[in-house]
1. Mind checking which residues of the range 47-86 are β-branched (Val, Ile, Thr), out of contact with any helix residue (DSSP H, G or I) (no Cβ under 6 Å at 6 or more places or on another chain) and at pLDDT below 95?
2. Given (1) of a type outside the set (Ser, Thr, Tyr); (2) closer than 19 Å to GLU64 by Cβ; (3) in contact (Cβ under 8 Å) with a residue 40 or more places away in the chain; (4) in a helix (DSSP H, G or I), identify the lone condition not met by MET123.
3. In the range 87-101, what residues are assigned to a helix (DSSP H, G or I), farther than 16 Å from ILE9 by Cα and out of contact with any helix residue (DSSP H, G or I) (no Cβ under 7 Å at 6 or more places or on another chain)?
4. If you go through the range 3-60 one residue at a time, how many are buried (at least 23 other Cβ atoms within 10 Å of the Cβ) and hydroxyl-bearing (Ser, Thr, Tyr)?
5. Could you tell me whether PHE132 is under 15 Å from the mean Cα position of the chain (by Cα), closer than 21 Å to ILE40 by Cβ, part of a helix (DSSP H, G or I) and touching a residue at least 60 places away in the same chain (Cβ under 8 Å)?
Amino acid sequence: MNTAQNTGITFYQNLGKLFYAIAASDKIVRKSEYDSLRKIVKTEWLNVDDIEDEFGVDASFQIEIVFDWLDYEELSAEECFIQFETFYKEHKSRFTQRLKQLIWTTANAIAGAFSGKNKSELMMLGRLKLIFEKQ
């Protein structure tokens, strides 16, 4: 596996952390949030690039795999958000405007999947927006 491929897989894993952080910000990941994520991965994220993992599976599925694992382990939403933020700062050039928009759309869909957005989800979304706006 080459460096670009490895960074691509890590990119998707960190998106899984971000989307989990949004969903888990209120301490509960609901089925509707997970369903929303799965739908967007299949309809949008599979078309982003051609990166595959070591098993020949589209790397964008790492988003779902990591999200599911984090939920199973019930890890801290805050810690997951910080890990995404660190990855973003270290690989800023990878995040094109198109990708930022897709990330934003996905995060919004997850946050709104269960009875609209609550305060903790809105705060996470606000933090994401600030990260993306910083140059």
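1. Correct list: VAL48, VAL57.
2. Of the numbered conditions (1) of a type outside the set (Ser, Thr, Tyr); (2) closer than 19 Å to GLU64 by Cβ; (3) in contact (Cβ under 8 Å) with a residue 40 or more places away in the chain; (4) in a helix (DSSP H, G or I), the odd one out for MET123 is (2).
3. LYS89, GLN97, ARG98, GLN101
4. 4
5. no
The values are calculated or read from the model by the stated rules, or taken from the named source; none is laboratory data. All values derive from a computational prediction rather than experimental measurement. Glycine also receives a Cβ, built like all others from the backbone with ideal geometry; neighbour counts cover every protein chain displayed.
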